[in-house]
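Encoded as structure tokens, the structure appears first; notes follow it.
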Amino acid sequence: MKHAVAMAVLTTFASGPASSCELSEILNARAAIAESDAAYAEQRHVHYVTEPILAAGRLRYRSPDHLEMIVEQPKPETFIYQDGVLSIEGDAAASGRDISVESHILLSTLFSALVGTLSGDEAKLRGKFDLFFTDSDCAWQLTLVPKAERARGKVDGVDLKGTKERIEQIVLKLSNGDRSVLSIRENE
Amino acid sequence: MKLRTALRIALVAAVLAGLTFLTFRSIHISRDLSFFQPGALSETSELAVEQVRRGPASRLILIALEGAPPPELAELSKALVESLNKSSAFLRVANGAAELDEGSLDFVLRNRYLLGPAPDPQEFSTASLRRSLEKALADLGTFSGLATADLLPRDPTGRTLALVEAWQGAFHPHFRHGVWFSRDDATAIIVAETSATGDDEAGQTAAQAEIGAAFQQLAGRSGARISMTGPPVFSRSISQSIQREAYLIGAGSSLAVLLLLYITLRSPTLLIVIAFPAAAASIVGAIAVQLLFGSVHGIALTFGMTLIGVTSDYPVHLIAHLRQDRSSWSVLRSIAAPLLLSGATAVVAFMPMTLSSFPGLAQLGVFAVTGIAAAMAATWFLVPWALDGFVPRGIGGLPPIPARTARWIRWPLVAFAAISAAWLLSGGATLFSDDLSRLNPLPRDLLDLDIRLRGELSAPDVRRLAAVTGDSAQAVLEKSERLSQQLEQAVGDGIIGSYDSPSRYLPSIAAQRARQQALPDGVTLLMSLDNAREGLPFELHTFDPFIRDIVATKTQQPLTPEDLARIPLIGDRLQSLLSHRTDGSWLALTLLGAVQDPAKIADTIGGIGDPAVHYLDLQAESMQIIASYRKEALRWLAGGLLAVILLLMLCLKFRRAIRVILSLGISLLLTVAILALLGTALTPFHIAALLLVAGIGLDYALFMSHDSAGDHDQRQVMKSLLICAATTILAFCFMIFSTAPILQGIGLTVSIGVTLSLLSAMVVCPAAGRT
């Protein structure tokens, strides 16, 4: 319910007076980027753990739909997302295979939100998510809410924050209240 | 030709054609390996045969997707698996992608301490729990920890994921984009287990067609290709390629034979008449087998048809003697003696075989005996009746080989035969081959694909396995558990690489009860957990769900095979390893992977000393069955041959009988020796071909040595034998070029054998009048 209210507020903003950075402009600008590389730091909040769990690594993107997430800390792990398919590699527990269908839904929802935004493919994004966009002086926030019921059972939404074509923060909000906040520093 | 003669021939031809059609429509043709089996098998052999025909390996299809970029292939693999898993034609279709849906995962989660391999007894100690919690915390920091975080409060020791891992991990294929791929990332691999058993030809054909159709629908224009291998694909490929080649060869050789007969006899009418005895033989043979055995085995039919090939020589003898001034009945009388003796010896030769305890051999015997008798009757009554009044255009004879030349050839021939006999008896050559898999006419690329895919999947060796029989599911599960302990030791000793047993999925009720006993009670677990949690950043009641699970598991009803039936990954696996047999007994299979020392593992399993626990080497077992078949066949044939010799001795003058026997012996010995020189070991198929050669050889020798005829008749005999030999060789030599070793073997044997039979009959058996 609280999400519905938040969305209503956001939608009101989005449909308000024309701002200086439209969603389509930002996505178009992203679409022009063929390759990018970024460092990220993650803070994860798990409801039954009293302290945030920290992690860090790199994100590598190649247009139009290849994204690698290379986790360096606390344990090396690589996620490769391409063409709608997610594979896990490296020496973590789940390496070489998928853990379960549930894990698929959660992780692939996150990855398709990321790749959709990185590639600037608005149609693809709208195919899988309901989009809610706000901005002020080109500091924007895009909230993606999965359309599929099964995905919504796991993920409340993905918030992306940024300035102009840069993405600066990704927040993954899970239905059980857990959150994961990724701060991103894109290399020039 | 008189109208009356033409009408008679047309009438007989129409009746025979109609009867042939009706017969082959109404008989039931069975197609399985039972042809080679003795009537009663040992229990171990019976289990092996059952596994080859109906076991899980007989139902396994490996699918390769290639020709598109890996992400596309992965998507295609997932879509294909999803589509095929909805079909009732498949027990399971897997590509490595997570196979457990939420409901099934929940089932595994709830029953995790009753299912799967035995848990570590130390799992609930404070120290061990502490290690589990520390590891879980570290995993939470990883990205995949995001996906498993929900599970942690219920299962902090990670047993659920470890179980799934263990069940999936019977083999370790390469993953790409979440599905099985070849290591070069070029081929997506899928494994499908059909619901139809391996010997269900229609079911297998339908299942393979369904895979093809689903792929076509999904692949669209992606350019992706599909190929399939595995035992069900092999058996279809074999029967299809043999059928295709047999059809082509049959058409080609029939045409060539007809052409040759037309050139030599110059009459289309005679071509029709020549077919009468063979047609009568196949009709009567097939009906007799159907009536006596309830069905006709496909191989008995093929072998039988080969054996009765000799009967098409009978009318040729008659026709070659036809003259304007001699009616067909009078010709029949003049060749009655050798003709009757030729037929009678062939019947006598196969008579003992009809008594065999091997149903396949008995069928073959009945087919040959009744068929040859029918052909003889047709030659005796139908052919002269149809040809009564028929005036041939004059068939010129051929001069026999001059006596001098015959002598020149005779002694070297006898010498060669003697040397061959000595060589063969000294064991200088491998005479017999009982490995029918060597006769697989599989295309090289199909075989290569199979080896490649099995290698990629590290699929368990389906050749060797252990089988446990018993009165109930629990009885066989308990014995499998005891067997597993021995196998665990064997894995440790490096005798085998791995094993897959039903108790890895579902332990016996006794074992489950023991596990329930060993689980800690709620208070003990709470105290251990509190101690283990100390200093770690977990909320106070985080692991309450874990304690509730353990307490519930302690008192729940143990699981039975029925409970698992609907759970993917374990239910279908259990179903293929644990089965309720048609006789009411239960069978548990344990597959043995990467067997390093077959003799030792056989000893290990045999050493358990339980008659209900069998070690099966499917290949060795089937070779043993074929060998027993071959030995039995040779025994009955030896009996038949003895009867033939006695008959010849009774009916012929001593010298002539000796010559006929000598001629037959020479041609058979030399044929076997030449085949051995060519590196061909005799399979049951070669032996069947040799039987035909023996029948033909006898026929030639009897006609050659028939001495009551005049000079004109001698020339006619010479000509008729040449026509018979030329047509037979022509009919069979096409088979030599077949890619199917079965057809090639038969073709080679008959071509060599008939050539030698003609030669030895001509030089060893010239009629007394001429020498």
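The values are calculated or read from the model by the stated rules, or taken from the named source; none is laboratory data. Since this is a predicted model, take the numbers as computed values, not measurements. Neighbour counts run over all protein chains shown; Cβ positions are idealised from the backbone, glycine included.
Descriptive notes on the structure:
- Segment A:132-166, residues that are closer than 27 Å to A:GLU35 by Cβ, free of Cβ contacts under 8 Å to residues at least 60 places away in the same chain and of a type in the set (A, V, I, L, M, F, W, C): A:ALA139, A:LEU144, A:VAL158, A:LEU160
- Some residue of segment A:171-182 being surrounded by 17 or more Cβ atoms within 10 Å (Cβ to Cβ) and among the polar types (S, T, N, Q): yes
- Checked against (1) modelled with pLDDT under 85; (2) farther than 26 Å from B:ILE570 by Cα, B:THR20 passes all but a single condition, namely (1).
- Screening A:ALA139 on (1) under 28 Å from B:SER144 (Cβ atoms); (2) over 14 Å from the mean Cα position of the chain (by Cα); (3) among the hydrophobic types (A, V, I, L, M, F, W, C) shows it passes everything except condition (1).
- The residues of segment B:232-258 that are out of contact with any Leu (no Cβ under 9 Å at 6 or more places or on another chain) and not aromatic (Phe, Trp, Tyr), listed by number, are B:SER235, B:ARG236, B:SER239, B:GLN240, B:GLN243, B:ARG244, B:LEU248, B:GLY250, B:ALA251, B:GLY252, B:SER254, B:LEU255.
- Test: residue in segment B:125-135 that is more than 9 Å from chain A (Cβ to nearest Cβ) and outside any helix (DSSP H, G or I): yes
- Hits in segment B:151-169 (condition: modelled with pLDDT of 85 or more and at the interface with another protein chain (Cβ under 7 Å from one of its Cβ atoms)): B:PRO153
So that you can scan it fast, the table gives a plain yes or no per residue for (1) at pLDDT 80 or above; (2) more than 7 Å from chain B (Cβ to nearest Cβ); (3) touching a strand residue (DSSP E or B) at 6+ places or on another chain (Cβ under 6 Å); (4) within 22 Å of B:LEU161 (Cα to Cα):
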site: A:ASP83; (1), (2), (3), (4): no, no, no, no
site: A:GLU89; (1), (2), (3), (4): no, yes, yes, yes
site: A:ALA92; (1), (2), (3), (4): no, no, yes, yes
site: A:GLY96; (1), (2), (3), (4): no, no, yes, yes
site: A:SER103; (1), (2), (3), (4): no, no, no, yes
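- Those residues of segment A:135-144 which are farther than 14 Å from A:GLU165 by Cβ and modelled with pLDDT of 90 or more, in sequence order: A:GLN141, A:THR143, A:LEU144
- B:ALA192 vs. criteria touching a Phe, Trp or Tyr at 6+ places or on another chain (Cβ under 9 Å) and farther than 30 Å from B:ALA386 by Cα: yes
- Against the test of being at pLDDT below 80 and within 30 Å of B:LEU618 (Cα to Cα), the options B:SER254, B:SER235, B:SER195 yield a single qualifying residue, B:SER235.
- The set of residues from segment A:50-64 being surrounded by 20 or more Cβ atoms within 10 Å (Cβ to Cβ), in contact with a helix residue (DSSP H, G or I) (Cβ under 8 Å, 6 or more places away or on another chain) and within 11 Å of chain B (Cβ to nearest Cβ) comprises A:ILE53, A:ALA55.
- A:PRO74 at pLDDT below 85 and surrounded by 14 or more Cβ atoms within 10 Å (Cβ to Cβ): yes
- For B:SER144, the criteria (1) more than 37 Å from the chain's Cα centre (by Cα); (2) at pLDDT 90 or above; (3) of a type in the set (Gly, Ala, Ser) hold in every case but one, which is (2).
- Residue within segment A:152-159 that is facing chain B (nearest Cβ under 9 Å), in contact with a helix residue (DSSP H, G or I) (Cβ under 9 Å, 6 or more places away or on another chain) and modelled with pLDDT of 85 or more present: yes
- The single condition among (1) touching a residue at least 12 places away in the same chain (Cβ under 8 Å); (2) within 7 Å of chain A (Cβ to nearest Cβ) that B:THR142 does not satisfy is (1).
- All strands (runs of 3 or more DSSP E) inside segment B:575-646 with 3 or more residues being crowded, with 17+ Cβ neighbours inside 10 Å and touching a Pro at 6+ places or on another chain (Cβ under 9 Å): B:586-593
- Test: residue in segment B:104-119 that is crowded, with 18+ Cβ neighbours inside 10 Å, facing another protein chain (nearest Cβ under 7 Å), among the hydrophobic types (A, V, I, L, M, F, W, C) and more than 19 Å from A:GLU51 (Cα to Cα): yes
- Filter result (farther than 25 Å from B:ALA147 by Cβ and in contact with a helix residue (DSSP H, G or I) (Cβ under 7 Å, 6 or more places away or on another chain)) within segment A:132-151: A:PHE132, A:PHE133, A:THR134, A:TRP140
- The listed residue being closer than 24 Å to A:HIS47 by Cβ and more than 14 Å from every other protein chain (Cβ to nearest Cβ), out of B:ASP563, B:ASP530, B:ASP544: B:ASP530
- Whenever a residue of segment B:66-82 is away from every other protein chain (no Cβ under 11 Å) and under 20 Å from B:GLU210 (Cα atoms), its partners that are surrounded by fewer than 20 Cβ atoms within 10 Å (Cβ to Cβ) and of a type in the set (D, E, K, R), lying with C-beta atoms within less than 6 angstrom and at least six residues away or across chains, give the pairs B:GLU66/B:ARG225.
- Counted residues, segment B:276-312 - those being more than 17 Å from B:LEU339 (Cβ to Cβ) and either crowded, with 23+ Cβ neighbours inside 10 Å or in contact (Cβ under 8 Å) with a residue 40 or more places away in the chain (or both): 24
- Of all residues in segment A:160-188 being part of a strand (DSSP E or B) and acidic (Asp, Glu), the one that is modelled with the highest pLDDT: A:GLU168
- Candidates B:LEU265, B:LEU255, B:LEU270: the one that is among the aliphatic types (A, V, I, L, M), touching a Lys or Arg at 6+ places or on another chain (Cβ under 9 Å) and closer than 30 Å to B:PHE381 by Cα is B:LEU265.
- Spans of helices (runs of 4 or more DSSP H) in segment B:507-567 with at least 1 residues modelled with pLDDT of 90 or more: B:509-518, B:522-533, B:544-555
- Subset of segment B:174-223 that is part of a loop (DSSP other than H, G, I, E, B), over 16 Å from B:SER237 (Cβ atoms) and among the small types (Gly, Ala, Ser) - its residue that is nearest to the other protein chains (Cβ to nearest Cβ): B:GLY178
- Only residues that are in contact with a strand residue (DSSP E or B) (Cβ under 9 Å, 6 or more places away or on another chain) and more than 12 Å from chain B (Cβ to nearest Cβ) were counted across segment A:174-188, and they come to 6.
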